[in-house]
1. Starting from the stretch 189-203, keep only residues that are within 17 Å of Ile295 (Cα to Cα) and aromatic (Phe, Trp, Tyr), then list their pairs with residues that are open to solvent by 50 Å² or more (accessible area, probe 1.4 Å) and outside any loop (DSSP other than H, G, I, E, B) whose Cβ atoms are within a distance under 8 Å, requiring at least 6 positions of separation or different chains.
2. Out of (1) more than 20 Å from the chain's Cα centre (by Cα); (2) open to solvent by 80 Å² or more (accessible area, probe 1.4 Å); (3) modelled with pLDDT of 85 or more, the odd one out for Leu9 is which?
3. Inside the stretch 136-187, can you point out the residues that are surrounded by 12 or more Cβ atoms within 10 Å (Cβ to Cβ), modelled with pLDDT of 90 or more, under 21 Å from the mean Cα position of the chain (by Cα) and assigned to a loop (DSSP other than H, G, I, E, B)?
4. Pairs needed: first member in the stretch 95-108, closer than 11 Å to Thr162 by Cα; second member anywhere, assigned to a helix (DSSP H, G or I) and among the aromatic types (Phe, Trp, Tyr); C-beta distance under 8 Å; at least 6 residues apart or different chains.
5. Could you give every pair whose Cβ atoms fall below 7 Å, whose first residue belongs to the stretch 257-285 and is without any contact (Cβ under 8 Å) to a residue 60 or more places away in the chain, and whose second residue is of a type in the set (Phe, Trp, Tyr) and open to solvent by 20 Å² or more (accessible area, probe 1.4 Å), counting only separations of at least 6 or pairs across chains?
6. Quick test of your reading of the structure: Glu236 fulfils all but one of (1) in a helix (DSSP H, G or I); (2) over 30 Å from Glu127 (Cα atoms); (3) among the acidic types (Asp, Glu). Name the failing condition by number.
7. So which residues in the stretch 199-219 are open to solvent by less than 30 Å² (accessible area, probe 1.4 Å) and out of contact with any Ser or Thr (no Cβ under 7 Å at 6 or more places or on another chain)?
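The values are calculated or read from the model by the stated rules, or taken from the named source; none is laboratory data. On a predicted model such as this, the values are computed, not experimentally measured, just so you know. Every residue, glycine among them, receives a Cβ derived from its backbone with ideal geometry; neighbour counts consider all protein chains shown. Remember, those area values only see protein heavy atoms, side chains included, never the ligands or the DNA or RNA. Shrake-Rupley method; radii C 1.70, N 1.55, O 1.52, S 1.80 Å.
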Amino acid sequence: MNYIKVIILLFFLTGYSQTNVDSIFTFSKYENIDYEKKGDRIRGILNQDKDALIINLDDSKYICLKNNKINCYTICKDTIMNIIKLDSIDAMKCKKLIDTLVSIDPTKITNEIDKEGNRTVVQDGGEFEVSVYKGNKNLKLYSYSPDVYMEDKFPFAENRKTFLYTYLDLEKYFYDKEFERVKSLDTIYLLIKKGKNVQYIVDINKLKNIRQENYFFNFNCSSGQFINLNRFSSIEPTNAFYRKKSFLKTNSNKILHSDYLQKFTQCDLNQLINSNMKKVFIIDKDEIRDGKIKIKEFRGGTYCF
């Protein structure tokens, strides 16, 4: 009987202690006061209240957790460009990643001194920064990702690996199946109409016998350029061919329209249309005549910076 009483007492003491700990912090023991009130501005854009936990992965990616539901927002110029709502299974997995993220000590992912006391110069990788907001609190996490910086000879290497891998896993939730399908294509056709968002310029150098066609894309949140270089003396570009108009229907799963392209940020669009990753052809609507379409291969794309 006394043994049972001891177990019951320990249970209640443990529960009381955990309640006190949770009441001290909003979401992390490493959180700080959001003096700049950046969380308020972000909540205004996302139309969320202070009960929502918001994770900002970069300038455009935001994860919102509220009532065990998770939405992933892509933002550009304070406007929501895309929303992906996670199902219950993905939401559960995502929440575990968020729990891991907010448990990381920010001071243990930026140490650049190795075990011998030498400072390393970080030059061979990207920088990763995360900001977390809830109520009037925030948490900032920052680290590098170069291979030399991840080696075990530097203190807290495991913390940095955890941070980096968690960041990359969270980033995956911003891309739906259609995005991944288009990304995996080895050939795409851009069906465009020249106008406000697409400019067409031809540069000619008769002395060098060069004719260069340029298409410039300028969307709200992305821009890019495609180039077709040929001999000026050629009647037709060597990398152009004609097909019946039915080609548009039979290859519709590989044809991208301007309306689709302008849904993405610069870096996201780079994954879809960069000619270094796949063959890119342009079909200009102004060149569709007599039931035939002209298809030209171009080099270029957008650039992520």
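1. Going by the 8 Å Cβ cut-off, the qualifying pairs are Tyr189/Lys254; Tyr200/Phe216.
2. Every condition holds for Leu9 apart from (3).
3. Across the stretch 136-187, the qualifying residues are Tyr175, Leu185.
4. Partner pairs satisfying both residue conditions: Leu101/Phe163; Leu101/Tyr167; Ile104/Phe163.
5. Asn270/Tyr303
6. (1)
7. Passing the criteria: Glu213, Asn214, Tyr215, Phe219.
One line per residue, one yes/no per condition, for (1) open to solvent by less than 50 Å² (accessible area, probe 1.4 Å); (2) at pLDDT 85 or above; (3) of a type outside the set (A, V, I, L, M); (4) in contact with an Asp or Glu (Cβ under 8 Å, 6 or more places away or on another chain):
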| position | (1), (2), (3), (4) |
| --- | --- |
| Asn197 | no, yes, yes, no |
| Cys221 | yes, yes, yes, no |
| Gly224 | yes, yes, yes, no |
| Phe232 | no, no, yes, no |
| Ala240 | yes, yes, no, yes |
| Lys244 | no, yes, yes, no |
